[in-house]
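Undergrad: A single structure is presented below for examination.
The values are calculated or read from the model by the stated rules, or taken from the named source; none is laboratory data. Note that the structure is predicted; figures quoted are calculated from it, not measured. So basically every Cβ, Gly included, is an ideal-geometry build from the backbone, and we count neighbours across all protein chains shown. All accessible areas refer to the heavy atoms of the entire protein, side chains included, with ligands and DNA or RNA removed. Shrake-Rupley method; radii C 1.70, N 1.55, O 1.52, S 1.80 Å.
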Amino acid sequence: MKHLLISLAALAAAPAWAGDHGLPANTPAAYKTECGSCHAAFPPALLAASDWRRTMAGLDKHFGTDASVDARTHAALLAFLERQAGRRAASPGTAEPRFTTGAWFVREHREVPPRVWKDPKVMGPTNCAACHKGADQGRYGERELSVPGMAYREHD
Ligand code: HEC
Ligand code: HEC
């Protein structure tokens with residue numbers, strides 16, 4: 001019974017996020033082409049607006065690469081990200097905003113063992129498409145999961 005109550009509490013906390021994990025329908029094409037070329041076009045709800053502002057302000061030195069875009073695209077992408085941002089701020093302690101080190105992401109991925117993150121087909125948490133077969137289209141539902149080296153099954 002105690003277990004059931006905890007599960008219900010978790011469910012009660014979920015609705016603010018349910019269905020909120022992927023790419024919104026109105027995602028500009030430029031977001032997928034410009035921000036989805038090196039990694040998946042990450043769901044904007046996974047960072048807060050202030051984090052996206054920092055990310056967009058530092059694109060010329062973006063995680064060791066130059067991810068700059070022209071001024072017009074920059075304005076359009078920033079407006080989109082600010083509009084669709086979530087409430088979870090990036091975890092502190094990284095020079096550039098990251099959600100993969102944040103509590104929510106870590107908790108959602110707690111079933112992934114360390115050896116899977118190190119698998120050459122995965123190479124760390126930012127390679128969403130290694131496991132989420134719909135990541136290119138911004139879909140992260142359990143039905144499209146296929147985790148290398150892990151017999152992952154949907155929860156009952
Ligand atoms: C030239 C390649 C390149 C482009 C283009 C690019 N990125 Fe990145 N991005 C990277 C690399 C490299 C990392 C670090 C990946 C890692 O640590 O595994 C990264 C990481 C990130 C992260 C942090 C992910 C985490 O760990 O939580 C965010 C957020 C991000 N990028 C957003 C963007 C946005 C927004 C755009 C488009 C404006 C963009 N990126 C375009 C290369 C790129
Ligand atoms: C090594 C495989 C792997 C990688 C890489 C990975 N994930 Fe996941 N992801 C999972 C697993 C396993 C779950 C847990 C599914 C569950 O039990 O609900 C999950 C859950 C999620 C969920 C919650 C889905 C839901 O409907 O509750 C989201 C959102 C998500 N991942 C986004 C991402 C994003 C964005 C990236 C890349 C930055 C990423 N994941 C990288 C394996 C992975």
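Undergrad: How many residues does region 9-28 contain that are surrounded by 10 or more Cβ atoms within 10 Å (Cβ to Cβ) and modelled with pLDDT of 50 or more?
TA: Here the count works out to 7.
Undergrad: Next question. Name every residue in region 95-123 that is assigned to a loop (DSSP other than H, G, I, E, B), β-branched (Val, Ile, Thr) and either open to solvent by 40 Å² or more (accessible area, probe 1.4 Å) or at positive phi (or both), in order of residue number.
TA: To start, the set of residues in region 95-123 that are assigned to a loop (DSSP other than H, G, I, E, B) comprises 95-102, 109-113, 119-123.
When the remaining residues are screened for being β-branched (Val, Ile, Thr), the result is 100-101, 112, 122.
Residue satisfying the conditions is Thr101 alone.
Undergrad: Hey, can you tell me all the residues within region 124-136 that are open to solvent by 60 Å² or more (accessible area, probe 1.4 Å) and either at pLDDT 95 or above or in contact with a strand residue (DSSP E or B) (Cβ under 8 Å, 6 or more places away or on another chain) (or both)? Outline the logic, then answer.
TA: So the first thing to find is which residues in region 124-136 are open to solvent by 60 Å² or more (accessible area, probe 1.4 Å), and the list is 127, 133, 136.
Of everything in region 124-136, those that are open to solvent by 60 Å² or more (accessible area, probe 1.4 Å) and either at pLDDT 95 or above or in contact with a strand residue (DSSP E or B) (Cβ under 8 Å, 6 or more places away or on another chain) (or both) turn out to be Asn127, Lys133.
Undergrad: I need the full set of residues from region 29-63 which are near ligand 1 (Cβ under 8 Å from one of its atoms), open to solvent by 80 Å² or more (accessible area, probe 1.4 Å) and either in contact with a helix residue (DSSP H, G or I) (Cβ under 9 Å, 6 or more places away or on another chain) or small (Gly, Ala, Ser) (or both), in order please.
TA: Answer for region 29-63, where residues must be near ligand 1 (Cβ under 8 Å from one of its atoms), open to solvent by 80 Å² or more (accessible area, probe 1.4 Å) and either in contact with a helix residue (DSSP H, G or I) (Cβ under 9 Å, 6 or more places away or on another chain) or small (Gly, Ala, Ser) (or both): Glu34, Ser37.
Undergrad: Okay, next question. Filter region 76-100 down to residues that are under 20 Å from Lys61 (Cα atoms) and within 12 Å of ligand 1 (Cβ to nearest atom), then give me how many there are.
TA: Counting residues in region 76-100 that are under 20 Å from Lys61 (Cα atoms) and within 12 Å of ligand 1 (Cβ to nearest atom) gives 13.
Undergrad: Next question. Within region 106-137, can you find the residues that are more than 7 Å from ligand 2 (Cβ to nearest atom) and either farther than 22 Å from Ser91 by Cα or of a type in the set (Lys, Arg) (or both)?
TA: Those that are more than 7 Å from ligand 2 (Cβ to nearest atom) and either farther than 22 Å from Ser91 by Cα or of a type in the set (Lys, Arg) (or both): Arg107, Arg110, Arg115, Lys118, Asp119, Pro120, Lys121, Ala129, Lys133, Gly134, Asp136, Gln137.
Undergrad: So if I check each of Arg87, Arg139, which one is out of contact with any helix residue (DSSP H, G or I) (no Cβ under 6 Å at 6 or more places or on another chain), open to solvent by 40 Å² or more (accessible area, probe 1.4 Å) and farther than 25 Å from Ser37 by Cβ? Walk me through how you get there before you give the answer.
TA: Details: Arg139 fails: farther than 25 Å from Ser37 by Cβ.
On inspection, the qualifying residue turns out to be Arg87.
Undergrad: OK, next. Give all pairs with beta carbons closer than 6 Å in which a residue from region 95-111 that is within 17 Å of Phe42 (Cβ to Cβ) meets a residue that is open to solvent by 80 Å² or more (accessible area, probe 1.4 Å) and more than 12 Å from ligand 1 (Cβ to nearest atom); count only pairs at least 6 apart in sequence or on separate chains.
TA: none
Undergrad: Give the residues of region 78-98 that are under 16 Å from the mean Cα position of the chain (by Cα), within 21 Å of Ala29 (Cβ to Cβ) and among the aliphatic types (A, V, I, L, M), sorted by residue number.
TA: Result: Leu81, Ala85.
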